[in-house]
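The values are calculated or read from the model by the stated rules, or taken from the named source; none is laboratory data. Small disclaimer: the values here were computed from a predicted structure and weren't measured. Glycine gets a Cβ as well: all are built from the backbone with ideal geometry, and neighbour counts include every protein chain shown. Remember, those area values only see protein heavy atoms, side chains included, never the ligands or the DNA or RNA. Shrake-Rupley method; radii C 1.70, N 1.55, O 1.52, S 1.80 Å.
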Amino acid sequence: MADIKRSAGLLLFRRTGAGVEVLLGHMGGPFWARKDAGAWTVPKGEYEGDEEPWDAARREFREELGLPAPQGAPLPLGEVVQSGRKHVTVWAVEGDLDPADVVPGTFTMEWPRGSGRTAEFPELDRVAWFGLDAAREVVVTAQTAFLDRLAGRI
């Protein structure tokens, strides 16, 4: 069980005249640069077994977006298992933010692969609000369950 990768995240949502919108981030780095469908995600990140998932979700929101995690009542959306067997737990929180205010965290990786050179990339290269139907078209497939659960709870 120790080799299971676990992530926790916050799905920020807001109510507009057009309906509910959710905030998603486009995954950064060269692999995702030219992809759209399936390349957007709930702001989330990995945590170790001794960290509480809710605390990890709030920490990761701050790390990935460079903004404090929203205050507000958390709405548990449960867990999904993504391809690659990563277990992802998400809470929804109602709130608002301007994507232009986001200052994404970064990661370093060897690029091009096998070159011996490293480069720094943003964790999320862009952040945007989506209506639920539009979000289902672009989010990582397993994470559509979070959208459905949110829709059923609000």
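Helix 144-153 axis versus longest C-alpha principal axis of the chain: approximately 20°, rounded to the nearest ten. Computed with a 1.4 Å probe over protein heavy atoms only, the accessible surface of the chain comes to 54 Å² per residue.
Spin-label model, Ala119/Lys5: points 7 Å from Cα along the beta carbon direction are separated by 2.1 nm. Note: relative contact order over segment 52-91, using C-alpha pairs below 8 Å and six or more positions apart, is 33 percent.
Reachable lysines from Lys5, Cα under 23 Å, same-chain residues fewer than 8 places away excluded? Result set, ordered by chain and number: Lys44, Lys86.
For Met109 and Ala37, calculate 0.36 nm times their separation in residues minus their Cα-Cα distance, and state this gained length in nm to one decimal. Show your work: numbers first, answer last.
Working: separation 72, 0.36 × 72 = 25.92 nm, distance 2.33 nm.
So the extension gain works out to 23.6 nm.
Here segment 11-82 exposes an accessible surface that is 51 percent carbon and sulfur, computed with a 1.4 Å probe and the other protein chains kept in place. Not counting the cut sites, what is the longest span of the chain without GluC sites (Glu not before Pro) that DSSP labels loop and that have at most 15 other Cβ atoms within 10 Å? Within the chain, the longest run free of exposed GluC sites (Glu not before Pro) spans 52-154. In the chain, Cα pairs under 8 Å separated by at least six residues give a relative contact order of 32 percent.
Need one word for segment 1-81: rounded, prolate or oblate. Basis is the Cα gyration tensor (sqrt eigenvalues a ≥ b ≥ c); a/c below 1.5 gives rounded, then a/b vs b/c decides. If you can, show how the numbers build up before the last one.
Details: a/c = 1.75, a/b = 1.13, b/c = 1.55.
Because a/c hits 1.5 or more and a/b fails to exceed b/c, segment 1-81 counts as oblate.
Enumerate the residues in segment 91-106 having an amide nitrogen under 17 Å from the point lying 7 Å beyond the Cα of Ala73 toward its Cβ. Backbone N within reach: 91-96. Which one, [x] 21, 17, 16; [y] 24, 18, 15; [z] 32, 18, 13, gives semi-axes √(5λ) of the Cα gyration tensor in Å as derived from the coordinates shown? Computed from the coordinates, semi-axes √(5λ) of the Cα gyration tensor in Å corresponds to [y].
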